[in-house]
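First up is the structure itself, then whatever we jot down about it.
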Amino acid sequence: MSETVESVSALIIQKLLANPKVPRDIDGNCKIMEDLAFDSLAVMNFVMEVEDSLDVSVPLDKLADIRTINDLAACIVDLKNKG
Amino acid sequence: MTSLFSKFEGLAGALGSIVTAGGRNPFAVVIEKPLSSTVGIIEGRETLLFGTNNYLGLSQSKRAIEAAQAAAATYGVGTTGSRIANGTQSLHRRLERQIADFFKRRDAMVFSTGYQANLGMISALAGKDDYLFLDADSHASIYDGSRLGNAQIIRFRHNSPDDLYKRLKRLDAPNSAKLIVVEGIYSMTGNVAPMAEFAAIKRETGAYLMVDEAHSFGVLGENGRGAAEAEGAEADVDFIVGTFSKSLGTVGGYCVSDHPELELVRLNCRPYMFTASLPPEVIAATGAALEDMVAHPELRQQLMANAAQLHKGFMDLGLNASTRVSPVIAVTLETVEQAIPMWNRLLELGVYVNLSLPPATPDSRPLLRCSVMATHTPAQIEQTLAIFHQAAVDCGIPMQANAA
Ligand SMILES: Cc1ncc(COP(=O)(O)O)c(C=O)c1O
């Protein structure tokens, strides 16, 4: 597996920017709910899209610990390395 | 000092603007008195009820009312404790037998509500090392049950067998048990689960399958056993959960299964063990309502005919109604600014429906959720359609003439 936290984080940001409502100046340290104004359902739906791009499933209980874009990227890299 | 209530500030603001925009709080509607299953007094006016879950009208079943009265006179009005700690009454076992026989299953467990049935079954069955696969649009009780059981939760796209299959295949956990949970009819949109396709995936992958027939029990299937019966998928469904609070018109939940281990679930299920069991009058009324339902299959036919009439009416008006004809028909509006005045206008003109706002809706657009009953008359449905037309005109809601 060649994904790194940086590459996954970049992919997440690219996907987020496809949504015109997301602020343009986001980076890996942005908090997904607070800074991007996502509600819990929007977060779950967005994660589903990322899952499909990277062919990974993030169990919902893992989402509870994720606040920033980099947290999500690290969690995905971790899941991929285990798999 | 931080206030305990500071987390409610956003909510208070949102509620405030909903009340300001429409003149009343849609979540605090008082039905002063039901006159029948289909008409109630709201704000002093006779109002057509199109926002209940009383699909067969059995909340007003004469047989159920009399059974409740007789049971209260004989057994008293409460059990004062849980089945496990304080004893089961013969009535509980009799109802469980009746439900199990209705579904042609080995046994049934009765819970105090449908919410607790989901909470209890899912948390008892799916523990820390197991995987749950939940439809993305699952009811809150399914999500809450998942959390209570500490299982690994994987969400798949709503009503998508392909997406479920992909996620099951992606998972590399040969030593974990897997439970798929879907609903027969989805309560907000009226969407019906493709049960036969889910059953095929369950067979191929060795997962277990649970279906919540809360809104489809008594509604779908030749005998009213739900979406699994309607699609010939019952043999592959390991657990059916459901509620008495909709088609049977009382309160309570259940799970039926052929797995003998259901008996052990009783001892490993906090929402069953640590709450009082249903009172005698509810048990008796539920059993009688089920007898009524079995004795009157024509109620189901009338329900579907009524659903078709309302659905066609919405289509003819050019409103954006669910594509599938089912007793739950959601009219989707584009913005909350349209939905709030429209809902209020409907109530003023004499129709009560449910207002559902994002994020509680599946696709971030607001819904007017309408539910049909077998006991609605064709004239009541026509009147409701006329009122929808009037309200849409009054509120400037665009209606596209559907090419038909
Ligand atoms: C799909 C679904 N499951 C379970 C429930 C809970 O049922 P009850 O009202 O008996 O708690 C509901 C209704 O609220 C529901 O819509």
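The values are calculated or read from the model by the stated rules, or taken from the named source; none is laboratory data. Everything numeric here is computed off the predicted structure, so don't read it as measured data. Backbone-built Cβ (ideal geometry, glycine too); neighbour counts: all protein chains shown. Calculation scope for accessible area: heavy atoms of the full protein, side chains included, ligands and nucleic acids excluded. Shrake-Rupley method; radii C 1.70, N 1.55, O 1.52, S 1.80 Å.
Applying the condition of being under 18 Å from A:VAL8 (Cα atoms) and acidic (Asp, Glu) to the range A:18-38 and asking which residue is least open to solvent (accessible area, probe 1.4 Å) yields A:ASP27. One residue stands out in the range B:239-274 among those that are of a type in the set (A, V, I, L, M, F, W, C) and open to solvent by 30 Å² or more (accessible area, probe 1.4 Å): the one that is nearest to the ligand (Cβ to nearest atom), namely B:VAL251. For the criterion of being more than 14 Å from chain A (Cβ to nearest Cβ) and within 17 Å of B:ARG266 (Cα to Cα), B:ILE84 passes. Take the residues of the range B:1-21 that are within 18 Å of B:ILE340 (Cα to Cα) and open to solvent by 100 Å² or more (accessible area, probe 1.4 Å): which is modelled with the lowest pLDDT? Checking each candidate, the answer is B:LEU11.
Within 16 Å of the ligand (Cβ to nearest atom), among the β-branched types (Val, Ile, Thr) and at pLDDT 95 or above: does that describe B:VAL77? The answer is no for B:VAL77. Checking each residue in the range B:270-314 for being out of contact with any Ser or Thr (no Cβ under 9 Å at 6 or more places or on another chain) and in a loop (DSSP other than H, G, I, E, B) picks out only B:HIS296. The range B:148-264 holds strands (runs of 3 or more DSSP E) entirely within its bounds, and those carrying 2 or more residues that are more than 14 Å from chain A (Cβ to nearest Cβ) map to B:178-183, B:208-212, B:239-243, B:253-257. Tallying residues that are within 9 Å of chain A (Cβ to nearest Cβ) and closer than 20 Å to B:GLU204 by Cα within the range B:133-147 yields 1. A single entry from B:ALA227, B:ALA233, B:ALA177 fulfils the requirement of being buried (at least 21 other Cβ atoms within 10 Å of the Cβ) and more than 16 Å from the ligand (Cβ to nearest atom): B:ALA233. Among the residues of the range B:16-56, those identified as within 30 Å of B:GLY287 (Cβ to Cβ) and either within 16 Å of the ligand (Cβ to nearest atom) or not assigned by the TED database to the domain that holds B:GLN383 (or both) are B:GLY51, B:THR52, B:ASN53, B:ASN54, B:TYR55, B:LEU56.
For B:THR384, the conditions (1) away from chain A (no Cβ under 14 Å); (2) surrounded by fewer than 18 Cβ atoms within 10 Å (Cβ to Cβ) are fulfilled apart from (2). Of the helices (runs of 4 or more DSSP H) contained entirely in the range B:65-137, those carrying at least 3 residues that are open to solvent by less than 20 Å² (accessible area, probe 1.4 Å) fall at B:90-103, B:114-125.
Residues are listed down the side, and each one gets a yes or a no for (1) in contact with a helix residue (DSSP H, G or I) (Cβ under 9 Å, 6 or more places away or on another chain); (2) facing chain B (nearest Cβ under 10 Å); (3) surrounded by fewer than 19 Cβ atoms within 10 Å (Cβ to Cβ):
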position: A:MET44; (1), (2), (3): yes, yes, yes
position: A:VAL47; (1), (2), (3): yes, yes, no
position: A:GLU51; (1), (2), (3): yes, yes, no
position: A:PRO59; (1), (2), (3): yes, yes, yes
position: A:ILE76; (1), (2), (3): yes, no, no
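Only residues that are among the acidic types (Asp, Glu) and touching a residue at least 60 places away in the same chain (Cβ under 8 Å) were counted across the range B:251-274, and they come to 2.
The set of residues in the range B:193-221 being surrounded by fewer than 23 Cβ atoms within 10 Å (Cβ to Cβ) and touching a residue at least 40 places away in the same chain (Cβ under 8 Å) consists of B:ILE201, B:THR205, B:ALA207, B:TYR208.
If you filter the range B:180-224 down to residues that are of a type in the set (S, T, N, Q) and more than 16 Å from the ligand (Cβ to nearest atom), you find that the one that is farthest from the chain's Cα centre (by Cα) is B:THR205.
Can A:ASN70 be described as surrounded by 13 or more Cβ atoms within 10 Å (Cβ to Cβ) and within 18 Å of B:ILE154 (Cβ to Cβ)? Answer is no for this residue. Selection over the range B:103-149 of residues that are charged (D, E, K, R) and within 13 Å of the ligand (Cβ to nearest atom) gives a count of 3. Taken over the range B:1-26, residues that are assigned to a helix (DSSP H, G or I) and in contact (Cβ under 8 Å) with a residue 60 or more places away in the chain amount to 4.
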